[in-house]
Amino acid sequence: MTSDTAATGFGRYLQALRLEKGITLEKVSEETRIGLGTLKSIEQEVLDELPADVFLKGFLRSYSKVVGADGNEVIRRYESQLEVSRKIAHFEQEPQRLSSGSLWKLAAALLVLALVMLFSIYAIKL
């Protein structure tokens, strides 16, 4: 395994090993009986196009076997990437909250603005 593949995700890792060994995606499909579309989604790591976890993990183990990869390592990479994706999705859905320091700054800015407006009104009346 090259240093480039050490830091890649599960699909890119499998793809790199497959290409390194000169194995076609069609050959992987033949040996694993996994459809080409699913294999392409695995290699491109398109999580929302992949089957349910229980099926996908079996697919990843089968694919790993064909290209001579450690199935447990591929599963670990997949689970790691899935966890990151879940955290990102959770963060994007969670409303942004202001910290207490930010709230004080906002309150102070509004107070200053109100005072400026009051002094302006008072000055116009004079």
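The values are calculated or read from the model by the stated rules, or taken from the named source; none is laboratory data. It should be emphasised that the depicted structure is a prediction, and the values quoted were computed from it without experimental measurement. Neighbour counts are summed over all protein chains in view; Cβ atoms, including those assigned to glycine, are modelled from backbone coordinates with ideal geometry. For the accessible areas, the whole protein counts, side chains as well, though only heavy atoms, and no ligand, DNA or RNA atoms are used. Shrake-Rupley method; radii C 1.70, N 1.55, O 1.52, S 1.80 Å.
Hey, any idea what Rg/Rh is for the range 1-92, computing Rh the Kirkwood way over Cα pairs?
On the way: Rg = 12.8 Å, Rh = 13.3 Å.
The Rg/Rh ratio comes out at 0.96.
Treating the beta-carbon of each Lys and Arg as +1 and of each Asp and Glu as -1, no other charges, what is the dipole magnitude of the chain about its Cα centre, to the nearest 20 debye?
Around 460 debye, computed over the chain.
For the range 103-115, in order, what is each residue's ³J(HN,Hα) by Karplus, 6.51 cos²θ - 1.76 cosθ + 1.60 with θ = phi - 60°, in whole Hz (x at glycine and Pro)?
Along the range 103-115, the couplings run 5, 5, 5, 5, 4, 5, 5, 5, 5, 4, 4, 5, 5 Hz.
Exactly which trypsin sites (Lys or Arg not before Pro) in the range 2-90 are in a DSSP loop and have at most 13 other Cβ atoms within 10 Å?
The qualifying sites are LYS21, ARG33.
List nothing, just return the count: lysine pairs in the chain, 8 or more apart or interchain, with Cα separation under 19 Å.
Lysine pairs satisfying the spacing and distance rule in the chain number 7.
Could you state the accessible area per residue of the chain in Å², with a 1.4 Å probe and every protein chain left in place?
71 Å²
Ignoring ligands, DNA and RNA, what percent of the 1.4 Å accessible area of the chain is carbon and sulfur?
Carbon and sulfur together cover 59 percent of it.
So what is the 222 nm mean residue ellipticity for the chain from helices alone, if each DSSP H run of at least 4 adds -39500 (n - 2.57) and you divide by all residues, rounding to the nearest 500 deg cm²/dmol?
-24500 deg cm²/dmol
Could you tell me which residue out of LEU115, ILE23, ASN72 lies farthest along the dipole of the chain toward its positive end? Charges go on the beta carbon: Lys and Arg +1, Asp and Glu -1, centred on the Cα centre.
After comparing all options, I get LEU115.
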